[in-house]
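> Below is the structure I would like to discuss, written out as structure tokens.
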Amino acid sequence: MATCAEKPLGLVLLSILQYLQSELRPISLQELKDKLHVDVEADPELKENLKTNPRILIEPDGRLRWKSKYFLRNKEDLVAVIQRNPVGIDKKDLLDAYKGVEEDLESLLHSQPPQVLSIRNNFYKQEFLFPAEPKWFYPVSEDVRQLWYEIRVPDPVDVHRHLTSRGLKQVSRDNRQPERVVIRKRPKSYDNKTRKVGRRARLTNEHLEGTALDPNQIIENHQNSAFSM
């Protein structure tokens, strides 16, 4: 089996992080050595990376644990953090807090009365948790429950027949006013052929004035050169 020194540092860090996240409890350096065959004390670079890693929390006794978004240790801490967030808290941010947090959440959701309320957002596939107030829940007698269950929900056909008899008509798509269609003209594009020249430059030989060069001689020599056509 390969030792810590024979493995890349990134691979060793990944194995430690995965182990801490799966356990969700304080882990000693000796346990890392026994379970992962990683000797942290023998590798100063690895030890320094563990100290500065944002996903690792170092306990006062030197043990390591996974650092979740909310520092929770038990069910009481879980209830406290939910009560401090009346606008809701994302459930997935709590699932890596400590070992057994999912079981504690289920017990809070299904207690009588429930201490936590859950609302799901199927579009974003999220579930938010809210603190439940005891005053929201009142004991109801069995007679009231029975009356509630006996309430008949009207049939949609009967509802439509009743509304029609009252003179209410359903708005059809044909009666709706058509939406206005706005047609925008595309701006004209000008190419190089149709583009007008705004200013014409006057070409002269004024730059040769005061020199010993003869413009006519230069043109004549150019026509007789090897580069002339």
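> Could you look through the stretch 42-69, keep only residues that are of a type in the set (A, V, I, L, M, F, W, C) and in contact (Cβ under 8 Å) with a residue 24 or more places away in the chain, and pick out the one that is farthest from I82 (Cα to Cα)?
A42
Let's see how each residue does on (1) out of contact with any Cys (no Cβ under 7 Å at 6 or more places or on another chain); (2) within 30 Å of P86 (Cβ to Cβ); (3) of a type in the set (D, E, K, R):
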residue	(1), (2), (3)
Q112	yes, yes, no
N122	yes, yes, no
F128	yes, yes, no
P131	yes, yes, no
Q146	yes, no, no
E150	yes, no, yes
R161	yes, no, yes
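> So, in the stretch 53-71, of the ones that are of a type outside the set (A, V, I, L, M, F, W, C) and within 13 Å of L17 (Cα to Cα), which residue ends up surrounded by the fewest Cβ atoms within 10 Å (Cβ to Cβ)?
Per the stated criteria, the residue is P54.
> Across the stretch 99-112, what is the total count of residues that are over 23 Å from L32 (Cβ atoms), surrounded by fewer than 18 Cβ atoms within 10 Å (Cβ to Cβ) and out of contact with any strand residue (DSSP E or B) (no Cβ under 9 Å at 6 or more places or on another chain)?
7
> So which residues in the stretch 74-98 are surrounded by 12 or more Cβ atoms within 10 Å (Cβ to Cβ) and not in a helix (DSSP H, G or I)?
N74, N85, G88, I89, D90, L94, L95, D96, A97, Y98
> Answer yes or no as to whether E31 is assigned by TED's automatic domain parsing to the domain that holds P8, surrounded by 10 or more Cβ atoms within 10 Å (Cβ to Cβ), modelled with pLDDT under 95 and among the charged types (D, E, K, R).
no
> Kindly provide the set of residues from the stretch 1-29 that are more than 33 Å from the chain's Cα centre (by Cα) and within 25 Å of N74 (Cα to Cα), ordered by number.
If the condition is that a residue be more than 33 Å from the chain's Cα centre (by Cα) and within 25 Å of N74 (Cα to Cα), then S28, L29 are the ones that fit.
> Please determine whether any residue of the stretch 101-108 is more than 30 Å from Y19 (Cβ to Cβ) and either among the aliphatic types (A, V, I, L, M) or in a loop (DSSP other than H, G, I, E, B) (or both).
no
> I'd like to check which helices (runs of 4 or more DSSP H) are fully inside the stretch 1-64 and have at least 3 residues that are in contact with a helix residue (DSSP H, G or I) (Cβ under 8 Å, 6 or more places away or on another chain) and under 28 Å from G100 (Cβ atoms).
Of the helices (runs of 4 or more DSSP H) lying wholly inside the stretch 1-64, those with at least 3 residues that are in contact with a helix residue (DSSP H, G or I) (Cβ under 8 Å, 6 or more places away or on another chain) and under 28 Å from G100 (Cβ atoms) span 9-23, 29-36.
The values are calculated or read from the model by the stated rules, or taken from the named source; none is laboratory data. Small disclaimer: the values here were computed from a predicted structure and weren't measured. Note that each Cβ is placed from the backbone with ideal geometry, even for glycine, and that neighbours are counted across all protein chains shown.
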